[in-house]
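In what follows, a structure is listed as structure tokens, so that the remarks can point back to it.
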Amino acid sequence: MASSSSSYTPPYAFISTESDIEYTIQIPDLKITKKLFGPNSSDNGKIDCEIMETGFKFKFVGSKDLVGKNYTLFVSNFPSRINPCKSSWKARNGAVDVKLRVSDNPKEVEAKLREERSIEGPGSTEEPAP
């Protein structure tokens, strides 16, 4: 398979605020062009982000100096219902911020996400007790 068609999971982090869960998805060397009217756009790649009630799909396809730098992040089975109409995403130099408005307490949702992430992490394989 050619490397230009490969897609990788980007580094990301999340945190709760008073009413949202905010993800920061790192895209090294992402350059944003500011527009007078309308949303800012990426100068060196195409960004798609679809926010649903159960999670979100993020995709970045690099161009210019980021050709071959393709990233996808698919978050499903979210531990709280998301309100897509009150959620948003915004690109900035080097990262994309995804703000998810959740129906439950954001602090509790963050705790559930962190627990799930630790279970799914590389050290999650069960080892026999000593």
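The values are calculated or read from the model by the stated rules, or taken from the named source; none is laboratory data. Just so it is clear, the model here is predicted, and its values are computed rather than measured. Cβ coordinates were reconstructed from backbone atoms using ideal geometry, including for glycine residues, and neighbour counts include every protein chain displayed.
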* Considering only residues that are within 30 Å of S103 (Cβ to Cβ) and touching a Lys or Arg at 6+ places or on another chain (Cβ under 7 Å), look in region 29-48 and name the one that is surrounded by the most Cβ atoms within 10 Å (Cβ to Cβ). => N40
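Okay, residues lined up against (1) farther than 22 Å from Q26 by Cα; (2) at pLDDT 95 or above:
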| site | (1), (2) |
| --- | --- |
| F58 | no, yes |
| L73 | no, yes |
| N83 | yes, yes |
| S87 | no, yes |
| E108 | yes, yes |
| R117 | no, no |
| G121 | no, no |
| E126 | yes, no |
* Residue identified as closer than 25 Å to E116 by Cα and not β-branched (V, I, T) among A91, A95 -> A95
* Which condition does I25 not pass, out of (1) among the hydrophobic types (A, V, I, L, M, F, W, C); (2) touching a strand residue (DSSP E or B) at 6+ places or on another chain (Cβ under 8 Å); (3) modelled with pLDDT under 95, if it passes all the others? -> (3)
* If we scan region 72-86, do we find a residue that is on the phi > 0 side of the Ramachandran plot and small (G, A, S)? -> no
* **Contacts under 7 angstrom Cβ, first residue in region 54-82 being surrounded by fewer than 19 Cβ atoms within 10 Å (Cβ to Cβ) and hydrophobic (A, V, I, L, M, F, W, C), partner assigned to a strand (DSSP E or B) and modelled with pLDDT of 95 or more, 6 or more apart** => F74/K57
* Asked: Say we look at region 42-94 and pick out the residues that are basic (K, R) and assigned to a strand (DSSP E or B); which of these is farthest from I21 (Cα to Cα)?
  -> K46
* Within region 1-18, how many residues turn out to be surrounded by 13 or more Cβ atoms within 10 Å (Cβ to Cβ), modelled with pLDDT of 95 or more and either within 9 Å of the chain's Cα centre (by Cα) or assigned to a loop (DSSP other than H, G, I, E, B) (or both)? -> 4
* Asked: Within the set of pairs 6 or more residues apart or between chains, which connect a residue that is closer than 18 Å to S76 by Cβ and free of Cβ contacts under 8 Å to residues at least 24 places away in the same chain inside region 96-118 to a residue that is in a strand (DSSP E or B) and not β-branched (V, I, T) with Cβ atoms less than 9 Å apart?
  -> R114/F14; R117/F14
* Single residue of region 19-41 satisfying the filter (part of a loop (DSSP other than H, G, I, E, B) and of a type in the set (A, V, I, L, M)) that is nearest to E115 (Cα to Cα) -> I27
